[in-house]
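Every number in this text was worked out from the coordinates using simple rules, so none of it is lab data. Being a predicted model, the structure only gives us computed values, none of them experimental. Ideal geometry is used to build each Cβ from the backbone, glycine not excepted, and the neighbour counts take in all protein chains shown.
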Amino acid sequence: MTSKPNTPLEFLAEVALARADASEKESVVLHLADTVVAALASQQLVESQKIRSSLEKTQVPSLDLLSLSASIRMTEVDDIDRSSGVTVSSIVVAAALSCFEGQSFTFSNLSDALSAGYHCTLRLARAMGGATLMGQGLWPSYLVATWGSAVTIGRMKGLNPIQMKNAMALALAQTPRGVGKSQGHWPGRWFLFGQAVERGQRCVQAAQMGIEADHGLLSLEWLQGIGGDSARMEALQERTRISDISFKPYCAAKQTLSCIGALQTLLQQGLDTTAIERVEVRVPVAYASMIDREPYHVSRLASMVSVKWQLALAALHPSGLSNVTRQFTLETSGLERLMSKVEVLPQLVSKPDSNLDSATDWVSDYPAQWPGAVKVVVGGKEFEAIAHCSDGDPEHGLWGPAQIVDKARRLGLDASQIELVQGFLDSMHDEHRIGQSVEQLKIHLASNHRVHL
């Protein structure tokens with residue numbers, strides 16, 4: 001008979017060492033393949049090459065964990081869990097792939113490790129405050145990056161229970177705070193994120209060497225020290241589901257996606273985009289200022305966050321939503337004119353100025369959902385729509401292999417890369433194919449589509 005865990009960390013260590021639920025394997029492989037799409041798309045980015053080049057100069061392999069996780073995250077096409085606000089796969093998939101060696105691993109090995117990483121990362125992030133942390137200027141993905149990486153790699157490396165608890169405790173002790181505001185044309189947030197993920201690898205190595213840590217660290221006092229409370233302790237034991245994690249259809253901050261969806265609903269009614277007089281955007285106050293901060297041209301990051309730029313693209317140049325480089329050879333005057341007509345209003349009350357039956361309490365859905373309302377004025381007439389969720393959210397409908405392959409095409413992946421993505425999608429049905437797919441991915445990431453600096 002096994003003894004009952006004495007601490008929350010010991011309980012989560014048991015979660016980390018459990019076998020993956022067979023019912024979740026399809027979700028695992030979908031998020032794995034989707035993350036591979038992001039990794040391949042990242043090779044179009046100068047920022048990714050800058051990080052890799054800097055590491056190569058210090059004799060670090062070009063495909064190390066830091067650059068892989070940073071490159072996946074900077075695309076803004078990786079997945080995201082809404083309740084926690086964490087882009088989970090940029091942590092756990094990157095961590096698993098970085099230590100996947102040779103042909104000896106099977107899909108079951110990888111699935112167990114990814115499942116451990118997903119569930120432990122989501123539980124800790126939600127206990128810490130999840131998506132609400134963004135309102136405090138904190139970045140949930142960054143806060144749990146070391147932890148999620150340590151859990152995933154620890155499972156890949158076959159740590160025993162004592163080693164796993166030590167690796168997790170060492171990671172927890174290195175939980176960072178904020179990264180500050182993103183500065184300049186080449187913001188350091190991606191490098192810092194990758195560095196946090198890489199620290200998880202170091203924690204596992206230390207645990208393998210026998211280095212010990214405090215298994216009682218994950219406590220109410222610890223959570224209170226970072227702004228948490230007793231109610232959130234329950235999140236550590238609440239069941240999480242990988243199928244609840246959202247995919248991203250476009251290169252965009254998640255906070256803008258429902259707004260894009262709402263506008264697309266209106267455009268399908270045949271509105272004349274050249275005759276738009278005003279666009280009113282309403283979103284929860286939690287992220288209103290974030291998506292209406294910097295002009296789109298300040299940096300690539302600003303263009304992905306600016307809801308005005310994203311709505312202009314959706315209306316006048318929809319293929320631009322899938323452009324991860326954010327470099328456009330198109331006339332921008334029309335886009336900028338439309339942007340000037342967009343106003344972002346924080347939604348403070350439970351019901352906006354709308355006659356829609358679905359409007360009631362739509363803001364209170366956050367952070368379980370990240371809604372957005374758009375009102376467009378054309379010829380003096382008002383047209384409005386509210387989107388409680390967006391394409392890629394589980395409530396929005398099926399997101400399966402066909403959608404992932406279509407996304408890969410829209411992001412500009414070539415035929416050989418799409419074939420590789422398909423190999424990952426097929427790996428669930430062939431235990432030993434995954435090793436071949438990972439090796440092929442490494443070759444692609446090492447040599448293809450290098451950007452000249």
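Summary table below
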item	result
Lys, Arg +1 and Asp, Glu -1 on Cβ, resulting dipole of the chain about Cα centre, debye, nearest 20	1000 debye
5 angstrom amide H check on Val378, placed H, neighbours 5+ away	Glu277, Phe383
Computed magnitude of the charge dipole of the range 167-297 (debye, nearest 20; Cβ of K, R +1, Cβ of D, E -1)	260 debye
Considering only the range 254-390, percent of DSSP beta bridges that pair antiparallel, nearest 5	70 percent
Exposure proxy ranking, count of Cβ atoms within 10 Å, fewest first, for Cys99, Cys203	Cys99, Cys203
Cα-Cα separations in the range 254-390 greater than 23 Å, expressed as whole percent	28 percent
For the range 383-391, 3J(HN,Hα) per residue [Karplus equation, 6.51 cos²θ - 1.76 cosθ + 1.60, θ = phi - 60°, Hz, x = Gly/Pro]	10, 9, 8, 10, 10, 7, 8, 9, 4
Bins of 10 Å from zero: percent of alpha-carbon pairs in the chain	4, 22, 31, 26, 13, 4, 1, 0
Whole-Hz ³J(HN,Hα) from phi, Karplus 6.51 cos²θ - 1.76 cosθ + 1.60, for the range 250-260, glycine and proline x	10, 7, 7, 4, 4, 5, 9, 5, 5, 5, 4
In degrees, nearest ten, helix 189-208 long axis to first principal axis of the chain (Cα)	20 degrees
Selection from Gly320, Ala286, Leu257 lying farthest towards where the dipole of the range 254-390 points positive, charges on Cβ	Gly320
Karplus 3J(HN,Hα) series, Hz, for the range 131-143 with 6.51 cos²θ - 1.76 cosθ + 1.60 (x for Gly, Pro)	4, 5, 5, 5, x, 9, x, 9, 10, x, 4, 5, 5
The chain: angle of helix 89-98 to the longest principal axis, Cα-based, in degrees nearest 10	40 degrees
For Val86, distant residues with modelled amide H under 5 Å away	Asp81
Coarse-grained scattering of the range 115-200 at q = 0.10 Å⁻¹, given as base-10 log I(q)/I(0) from a Debye sum over alpha-carbon atoms	-0.26
